[in-house]
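Notes follow once the structure below has been shown.
The values are calculated or read from the model by the stated rules, or taken from the named source; none is laboratory data. A quick note: this is a predicted structure, and the numbers were derived from the prediction, not measured. With ideal geometry, Cβ positions are generated from the backbone for all residues, glycine too; neighbour counts draw on all protein chains shown. Note: areas computed on protein heavy atoms with side chains; ligands, DNA, RNA excluded. Shrake-Rupley method; radii C 1.70, N 1.55, O 1.52, S 1.80 Å.
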Amino acid sequence: MRSFVLARRRVLHVCVGFAAVMSMAAGCQTASNVSVSGSTLTLYASAPKGAANTQSAADVLAAEQLAFNQAGSKLGKFTLKFIKLNGAKASDNARSAIEDTSSIAYLGELDPGLSADSLGITNAQDLLQVTPTDTAAALTQVTSTVPNSPNRYYESLGSYGRTFARVVPNTSPEAKAQVQEMQAQHVSKLYVSSDGSQYGRAIAQAVRSNAPGSSITIAPSASGADAVFYGGVSEAAAAKVFNSAAAGNAAVKLFGPSALDSATFAARLSPAARHVYISSPGFMTKDLSATAKSEFLKPFEDAYHRVPSPQAILGYEAMSAVLSVLKKAGTSATDRATVVQNFFAIKNRDSVLGTYSINAQGDTSLAPFVFSRPVNGKLVPFQSVQVQG
């Protein structure tokens, strides 16, 4: 924790003696505070065109708006604003946010792995970035399939330290959830493949590493395996793999991560691909706590006249958590460093998700997942999995 506090320090300082040598080796830099000008604090949400076009994404954004509306537009002497950005790319949205001197937080990318395109930009201006649904582990953890992760994503790591956090579990516990569901589906021999993307390779490797400990044998090819896991962001490529495997073996079980949790992916599946299991972070409505039902579920249904997707509650909590750290900051809420520090200092927060903490890497201690399967051409949630440890 001491190293983390040092990394977050914002005062100009002089490194002396042995400490100077160690600090320079770690990239010791001097940096002044980055503060909001004026009395307006603006929170941005990113929804790039083409990258947030699923119902789940729409519900996450709607839930963020709901939490903001419930809190109101005043925080002490400050006026709060919430702006949704829909630029062509995530990087466009991040640049729009940092160009606004009233920016105090960026509720970031919704698609797994997409935060890699915006994180460096927000980090360079010490702007807190919180993602509700980007699970890519390499953004916060050393990942063997992504060289120099996670430091490669932080443009000003030496000056500002880590400025990226999430209320969603990353792909490490998601891989464990996948293996738990494979056990529930009596998988014994598993073939693992990916689309070669950083996200795809990372979660495929995590599944490959976890499976043997659960008495699941890794097969060298799909031939002879009773299950296939495909890690990737390409719906077309994943559907091709699943359809091909199902054509060769109608009983084969097919598993995929949250990047494939979309109606367009489901529509690409052949009728033969019947045993498909797709994970995504979140909760089925029946599994929500009484608090979550009263504070989130009913207000969401009243406001938008639909039942929210399992991931929507993560958007609600991302906004709620950011607002809570702004409130904690009080008159220092204009100081971006203070806001980042307060978010990373979240411990035992009582929320609609349950009680959780944020660790020094920016990851949450909670890991709820939902599994969906195709029914009449659509992915329908059927099982909740809570990962421990």
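Relative protection proxy for 180-192, 112-124, from highest mean packing down: 112-124, 180-192 (other beta-carbon atoms within 10 angstrom). Heavy atoms of the protein chains alone define the surface here; on that basis the chain has 41 Å² accessible area per residue at 1.4 Å probe size. Taking packing as the residue-averaged number of other Cβ atoms within 10 angstrom, the listed peptides 254-261, 197-204 run from highest to lowest as 254-261, 197-204.
By how many nm would the segment from GLN70 to SER221 grow when fully extended, if each residue of separation counts as 0.36 nm and the alpha-carbon distance is taken off? The partial results should precede the final answer.
Numbers: separation 151, 0.36 × 151 = 54.36 nm, distance 5.18 nm.
Gain on stretching GLN70 to SER221: 49.2 nm.
Once backbone amide H atoms are built at 1.01 Å from N, TYR191 has ALA219, ALA227, VAL228, PHE229 as its partners under 5 Å, excluding neighbours fewer than 5 places away on the same chain. Surface composition of segment 245-389: carbon plus sulfur atoms contribute 50% of the solvent-accessible area (1.4 Å probe, protein chains only, all chains present). In segment 136-235, the alpha-carbon atoms span a convex hull of 111 Å³ per residue. Spatial offset of segment 307-349 relative to segment 266-300 amounts to 24 Å, using the alpha carbon center of each. Taking the centroid of alpha carbons for each part, segment 354-389 and segment 144-219 are 14 Å apart.
Quick test of the membrane-span-like rule: which DSSP H helices of the chain reach at least 15 Å along their long axis (C-alpha atoms) with mean Kyte hydropathy at least 0.5?
On the way: long enough: 55-71 (24 Å, 0.21); 171-184 (19 Å, -0.93); 198-210 (18 Å, -0.61); 235-248 (20 Å, 0.54); 312-329 (26 Å, 1.04).
Answer set is 235-248, 312-329.
For segment 89-135, a simple Cβ point-charge model (Lys and Arg +1, Asp and Glu -1, everything else neutral) yields a dipole of about 40 debye relative to the Cα centre. Cross-link partners for LYS328 among the aspartates and glutamates, with Cα-Cα distance under 12 Å and sequence neighbours closer than 8 places in the same chain left out, do not exist in this structure. Each eigenvalue of the Cα gyration tensor of segment 159-200, multiplied by 5 and square-rooted, gives one semi-axis; in descending order these are 30, 15, 6 Å. Between the labelled values (1) 159; (2) 172; (3) 130, the entry that holds volume of the Cα convex hull per residue in Å³ as derived from this structure is (3).
To two decimal places, what compactness ratio does segment 214-330 give when its Cα radius of gyration is scaled by 2.2 N^0.38 Å? Please list the in-between numbers first.
Details: Rg = 19.1 Å, N = 117, 2.2 N^0.38 = 13.4 Å.
Computed over Cα atoms of segment 214-330, the ratio equals 1.42.
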